[in-house]
Structures are given as structure tokens and as C-alpha cells.
Amino acid sequence: MAGLIGAGRTEMLRSIFGLDRMEHGSIELRGEPCGRLSPARALARGLGLLSENRKEEGLMLNLSLAENLT
């Protein structure tokens, strides 16, 4: 996914992954409609998200250092 700053790429990807509410549209994975995803459902379907703000959003403080590194 690529785009200029302010074009909405971050918001779109966060919505696809289930972090933000979608206002319009639908999601298809491998040609099949999948409805609204939650982060847990997105992970179970093989999606992943690397936050652009890893300093504030990239750590899972309830996990160990080793788990955060991998």
C-alpha cells in the first residue's frame, strides 16, 4: 500500500484490520466477502499490520521482550 501523506492509507488499513470502524465499503479476502473484521479475526485470516507509529502502537506491554521482538 502506498500513498501520499494525508491520502488516507493509514486510516484505510486500520479499518481493514479492524482497529477503526469502516464507514463505507466492504472487504474481500481471496475473492470472498469477509464482513467486518476484528484484529483477532484479521490475524486468524492471515492478515498482519505493522503500525507506522511503532513507538506508541508497536509494543504489547503485557508480553515479554522476546515476544515483542518477534
Taking region 48-70, which residues are charged (D, E, K, R) and farther than 19 Å from residue 16 by Cβ? 55, 56, 67
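At pLDDT 85 or above, among the aliphatic types (A, V, I, L, M), open to solvent by 100 Å² or more (accessible area, probe 1.4 Å) and not in a loop (DSSP other than H, G, I, E, B): does that describe residue 43?
Details: at pLDDT 85 or above: yes; among the aliphatic types (A, V, I, L, M): yes; open to solvent by 100 Å² or more (accessible area, probe 1.4 Å): yes; not in a loop (DSSP other than H, G, I, E, B): yes.
Answer is yes for this residue.
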Filtering region 4-26 down to residues that are in contact (Cβ under 8 Å) with a residue 24 or more places away in the chain and part of a loop (DSSP other than H, G, I, E, B), which residue is least open to solvent (accessible area, probe 1.4 Å)? 18
Report, by residue number, each residue of region 17-70 that is closer than 16 Å to residue 1 by Cβ and charged (D, E, K, R). 20, 28, 52
Among the numbered criteria (1) part of a helix (DSSP H, G or I); (2) open to solvent by less than 100 Å² (accessible area, probe 1.4 Å), which one does residue 55 miss? (2)
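The values are calculated or read from the model by the stated rules, or taken from the named source; none is laboratory data. Quick caveat, the model's predicted, so the values are computed rather than measured. No Cβ is skipped: glycine too gets one built from the backbone with ideal geometry, and neighbour counts run over all protein chains shown. Only protein heavy atoms, including side chains, enter the accessible area calculation; ligands, DNA and RNA are left aside. Shrake-Rupley method; radii C 1.70, N 1.55, O 1.52, S 1.80 Å.
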